[in-house]
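Nothing in this text is a laboratory measurement; each read-out follows from the coordinates by a stated rule. Keep in mind the model is a prediction, meaning the values are calculated, not measured. Don't worry about glycine lacking a Cβ; one is built from the backbone with ideal geometry, like all the others, and counts go over all protein chains shown.
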Amino acid sequence: MGTVGRPNEAVKVTFPSTRIKKSASMLVSAVLTTCAVGAGQNSTDASIRSLQTHLRMYPQDFKAYDQLGASYIQKGRETADASYYEMAKQALDKSLDLISNDPAAASAKTHMAVVAMAEHQFEDALSWAQAALALGSGDPSPWAIVGDALTDLGEYERADEAYARLRDPLDLDDDSNPLAYERNSRMAYLHFLRGDAPGAIKLMRAAIGVAMTLRLPVENVAWSQFQLGEICFKSGDLTSAEQAYTAGLALDPHSYRNLAGLGEVRTAQGNYPEAIALYQKAIAVVPFPAYAAALYDLDLQVGRTDDARQQLELVQFIGKLNPINERLFYRELALFYADHNLKLEESVELAKKELEVRHDIYTWDILAWVLFKNGRVPEAAEVMEKALALGTGDALLDFHAGMIEFQLGRSERARALFKHALTLNPDFHLVYANQARERLGQLADSDTRPASSSSSAAHDLRPGESLP
Amino acid sequence: MKTLAFVLLLTFCGFVAPSAAEDSSPSPAEICIAAAQKVLQKQPNRYQAYNDLALALVRRARETADNSYYRQAQVAIESSLRIQPENFEGGQAHVALLLAEHSYRPALEEAQALNHRMPDAVLIWGYVAEAESALGDYKQAEESAQWMMNLRPGNLPAYLTGAALRQGWGDIDGALDFLSKALQQTPPLETEDTAWIMTRMAQLHRQAGRTGAADALLDQALKTFPEYYLSLEELAEVRLAQHRYAEAVELMEKRNRSFASPSSFLLAARAFEHAGRPAEAATLYAEFEREAHTKTALSDNANIQLISYYAEHAREPQEALRIAHLEIGSRHDVWTLDAYAWALYANGQYDEAGQQIEKALAVGTRDAVLFYHAGEIEAASGKRVEANRYFEQSLDLNPTSEVSDAARRAVNQSGKLAAAR
């Protein structure tokens, strides 16, 4: 009877000293993280080869299939070749065929979510991330993908809740761990969307501080610097934007996002030759249609029409390289076509296709813009309200909305929107910033003049020149 | 309370709308079943989909108390293993099924074989731990549970397994701590899992005499997964402890509308008895006895309750001991040891009863009924001081337990005897 009545025994089931693996957490930040080519590319190739050899010898190793999937994802990010995501899926499927109902399978399911995000299959990404969480592996990092997917689905409050769960339950003081980095960097974006740029900048700087302290992979830090630069640029703080992009490039000279970001700053500063060079460098790393589109506008601006023609072809070629690319670039192509008065009907189709999978404010914005360019102005105005719903401080949104209001003859609102756009960032766009100023001038000159009576007037409001 | 294996089946099979709690919405298990069936329609040879289906069916059994899902799960597992013999998760699903059916010995053997094949599969360690614990091998169960923690710190199944063991060792607050951590990790859409964990927590609070805390948790559990039979049963227990017998009756009537079990008949009988409705109580006791008796030779039985029933209520101590012998032949967990000791006591075999109850108490479990049984057995052996200590422990632990009145009477009686001396 010696044991009877003794007080509560010491805890028998204890935790080992290790915490959630950094690598596991970092998987999630990879959703929005890119990495450098060059040495990284070689190491990814080597990793793929080595895992393939290993799997020939140990075909039952579910972890190796998962790692192979992760390596293909990495390769996909490095090259922007979407076919690697399909290969990643095959490897991850193999892993999940071997084990799928155990916490050990959480990593493969998380990687599936990453692939789905990369392929803009946001509902699937949400499902996979929730499936990973349901296994109860103890790693909360799939919440990051839940939040990311919800953000793209336009469910911002639920995204807030998801990001709030990005905490290490074993680490009460978690303001300086990788999860704090992931949480803050993502919450920064939500703050920005809600019009709180100072709060967004503060959070992103905190995230970068954590990333630097923890010596996170350079591509993560470079990505964060790019995000910071974007927020600063949209807030009109070109100096801070330049500093952020430059810091990102110092860490990772091949960071195409930072190259393009700096190109945008140089454009705003009127330094077109340097802007062109930066966009060309970015395209040499990853030929995103958005970069080719920016280069197209710059080439036209400096009178290089032959080069511009090449960019035009490049934009359309990349956008339709394969079915996955087509899906990935619905939004970019729609915007490009609308901005340049090309294939306007197709631009509506593309924007609507994007809306089938994505409901964030920027998708509503693009739908509104393409409707406007197609002369469907009242419809555009209705859609634009959804884009403005969060009060996002983005001059381009205000400009789009201003143009729609202008066309509808709602001068007061148009004036306020143009003013707000230019207050946010007087150099927000190579062409549109000036157009906003012109419209304000017109509104000041002729407050009494009726709005255009032509329904096709939208076609005259061409932001960029199109090639003959 | 269903076994732990049920909750070690966490899988997410698709969107559950936030309105999942509404009657018309499919439950998490139903969504998993539909998802697996959809895959099988397209890919009839996808063995993993059969495994997913089997696990979902076992989950559905937990959601509804309808054990007919086990047969369907078995068929799904057979299909999986026919397509891909010896596939790991087919074996895993079979272990889950065996545990759900309380077939602990074969479950342990199969789980150990799987564990040798894939030692880093966390759930298999959990299945091993559960089977070891049910068979009374708490030391091995502890090691297995520790493996779960070591492989993946802070994983949810490890918290659940650890909580069950801590409860067994009498560390109620430690068990609550683990369950609370498990609850934090459970995705909100997993409504039934959430309710299951809350119900477990409520049970622990009630057993520690904290009926208010239990009440609040059960209220939340029933909002999360409405009319959940496990929560209804536990709430009825809380109401009995609070002497709110009419409400307990109402709750058990509601619970027994579908897939009543021997245990739920017994609980309902107790509720009616306390509520002063002996006729209904008698009917339900008879129903319990009939149902439980048909299952005595099965692994998924109600033998522990039946032993107690024959020993106390029906006054058939010999039948209690016969069933206790049956049960102790297959498992030696704390509750089986307690029931065996109680049956021996009812048959006047006090020395042997004392040995068995000591084995049960050695695990460390802190339970008011267990202490009360120990007190009665010691008293019968003439060990008044020890007996009194157990009665007091029973009352200290839970002053509102089902044996609290009897324990109080025993303590008073002991006091009077001492005064007389």
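Summary table
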{"quantity": "All-pairs Cα distance distribution in the protein assembly as shown, expressed in whole percent, bin size 20 Å", "calculated": "13, 39, 27, 16, 5, 0"}
{"quantity": "Alpha carbon Rg of region A:368-445, scaled by the compact-globule rule 2.2 N^0.38 Å", "calculated": "0.99"}
{"quantity": "Percentage relative contact order, region A:191-248, counting C-alpha pairs under 8 Å, at least six apart", "calculated": "31 percent"}
{"quantity": "Prolate/oblate/rounded label for region B:121-220 (Cα gyration tensor, a/c 1.5)", "calculated": "oblate"}
{"quantity": "Partner chain coverage, peptide A:253-265 - average Cβ within 10 angstrom", "calculated": "0"}
{"quantity": "Rounded tilt (10° steps) of B:122-134 against the dominant C-alpha axis of chain B", "calculated": "30 degrees"}
{"quantity": "Debye, to nearest 20: dipole size of chain B, +1 on Lys, Arg Cβ, -1 on Asp, Glu Cβ", "calculated": "160 debye"}
{"quantity": "Whole-number percent relative contact order across region B:293-371, with pairs defined as alpha carbons under 8 Å at least 6 apart", "calculated": "24 percent"}
{"quantity": "Most to least packed among B:336-344, A:402-410, A:349-357 [average Cβ atoms within 10 Å]", "calculated": "B:336-344, A:402-410, A:349-357"}
{"quantity": "Rg to Rh quotient for region B:267-387, alpha carbon positions, Kirkwood Rh", "calculated": "0.99"}
{"quantity": "Length gained when the stretch B:Ser68-B:Asp351 is fully extended (0.36 nm per residue, less Cα-Cα span)", "calculated": "97.6 nm"}
{"quantity": "Efficiency of FRET between A:Glu346 and A:Gln442 - r from beta-carbon atoms, R0 30 angstrom, step 0.05", "calculated": "0.50"}
{"quantity": "Phi to ³J(HN,Hα) by Karplus 6.51 cos²θ - 1.76 cosθ + 1.60 over region A:64-70, Hz, x for Gly, Pro", "calculated": "5, 4, 4, 5, 5, x, 5"}
{"quantity": "Of A:Leu440, A:Ser100, B:Cys32, farthest towards positive along the dipole that unit charges on Lys, Arg, Asp, Glu beta carbons give the protein assembly as shown", "calculated": "A:Ser100"}
{"quantity": "Cα-Cα over 25 Å, subset of A:Lys89/A:Lys281; A:Lys234/A:Lys386; A:Lys386/A:Lys419; A:Lys109/B:Lys42", "calculated": "A:Lys89/A:Lys281"}
{"quantity": "Among B:Leu326, B:Ala314, B:Ser79 the positive-end extreme of the charge dipole of the protein assembly as shown (Cβ point charges)", "calculated": "B:Leu326"}
{"quantity": "Local electrostatic count, A:Ala381, Cβ distance below 13 Å [Lys/Arg +1, Asp/Glu -1]", "calculated": "-1"}
{"quantity": "Net charge over other residues, Cβ less than 15 angstrom from the Cβ of A:Asp93 (K, R count +1; D, E count -1)", "calculated": "-2"}
{"quantity": "Computed over region A:122-225, the ratio Rg/Rh where both radii use C-alpha atoms and Rh is Kirkwood", "calculated": "0.96"}
{"quantity": "Student exercise, region B:270-334 dipole from Lys, Arg, Asp, Glu Cβ charges, in Debye to nearest 20", "calculated": "40 debye"}
{"quantity": "Ellipsoid semi-axes in whole angstrom, largest first, where each is sqrt(5λ) of the Cα gyration tensor of region A:282-365", "calculated": "22, 14, 11"}
{"quantity": "Exposed-loop-free span, longest in chain B, where GluC sites (Glu not before Pro) count as exposed if DSSP calls them loop and at most 11 other C-beta atoms lie within 10 Å", "calculated": "B:87-421"}
{"quantity": "Shape call, region A:189-248: gyration tensor on alpha carbons, a/c limit 1.5", "calculated": "oblate"}
{"quantity": "Shielding by other protein chains, B:166-176, mean Cβ within 10 Å", "calculated": "3"}
{"quantity": "Shape category assigned to region B:322-366 from the gyration tensor of Cα positions, a/c cut at 1.5", "calculated": "oblate"}
{"quantity": "With Cα atoms, 0 to 90° folded angle of helix B:278-294 axis to chain B main axis", "calculated": "60 degrees"}
{"quantity": "For B:Leu176, net neighbour charge (Lys/Arg +1, Asp/Glu -1) across residues whose Cβ lies under 13 Å away", "calculated": "+3"}
{"quantity": "Stokes-Einstein diffusion coefficient of region A:71-176, Kirkwood radius over Cα pairs, 4 °C, 1.567 mPa s, in µm²/s", "calculated": "91 µm²/s"}
{"quantity": "Principal-axis tilt of helix B:229-241 within chain B, Cα atoms, nearest 10 degrees", "calculated": "20 degrees"}
{"quantity": "Average beta carbon contacts from partner chains per residue of B:154-163, 10 Å cutoff", "calculated": "5"}
{"quantity": "Computed over chain B, Cα set: Rg, Dmax in Å", "calculated": "21.8, 82"}
{"quantity": "Dipole of the protein assembly as shown [Lys/Arg +1, Asp/Glu -1 at C-beta], most positive-end residue of B:Val385, A:Leu135, B:Phe259", "calculated": "B:Val385"}
{"quantity": "Check: the protein assembly as shown dipole with +1 on Lys, Arg Cβ and -1 on Asp, Glu Cβ, in debye", "calculated": "580 debye"}
{"quantity": "Relative contact order [Cα under 8 Å, 6+ residues apart], chain B, whole percent", "calculated": "11 percent"}
